[in-house]
Amino acid sequence: MCSKVMLFPEKNRQMREEKQLYQKQMPYSLFIYKSRYYRTEKGKRRAKREQISIIAEVLKADPEELFVLWLADQVTAVVADETSIAKRVLKIADNSLNNNE
C-alpha cells in the first residue's frame, strides 16, 4: 500500500500546528486576507511563489522543502485532468530535464 505524499497545504498546516500557531495568525505575515489563507491551507487555492519563503520564515522551516512541495502542487494541478497520460507527460519532462543537465 502506497502512503499519500504530503504536499504543500498539508505540510503547511502540520508545521503551523506543530509551532502552535493559530491559523488566523498566518495571513498577517503574508499581507493577505484571512479567507485567502484559509483556502490556501485547505488546498482550495494555491499559494503564490513569493509567499513560500515568508511561510518558511514564519514556521522556521526549510524554504527549499516547502518550495519543492509547492512546485509539486503546481505540476499536479496542471496534469490533474489528464490522468490517463499524466505519467507519460511527467516521464518526458523528467527525460528532458535530465538531458539538459
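Values in this text are rule-based calculations from the coordinates and carry no lab data. Since we're looking at a predicted model, the values are computed, not measured. Every residue, glycine as well, gets a Cβ built from its backbone with ideal geometry; the counts of neighbours run over all protein chains shown.
Structural remarks
- Links that overshoot a 32 Å alpha carbon limit, given the list Lys34/Lys87; Lys60/Lys87; Lys11/Lys87; Lys24/Lys87: Lys34/Lys87; Lys60/Lys87; Lys24/Lys87
- Simple label model, 7 Å out from Cα along Cβ direction - Val78 to Gln20, nm: 4.1
- Signed unit charges on C-beta, dipole axis of the chain, positive-most listed residue Ala61, Ser29, Met15: Ser29
- Gyration tensor verdict on the chain (Cα atoms; rounded if a/c is under 1.5, prolate if a/b is larger than b/c, oblate otherwise): prolate
- In the chain, the calculated helix contribution to ellipticity at 222 nm averages -20000 deg cm²/dmol per residue, counting -39,500 (n - 2.57) for every DSSP H run with n ≥ 4.
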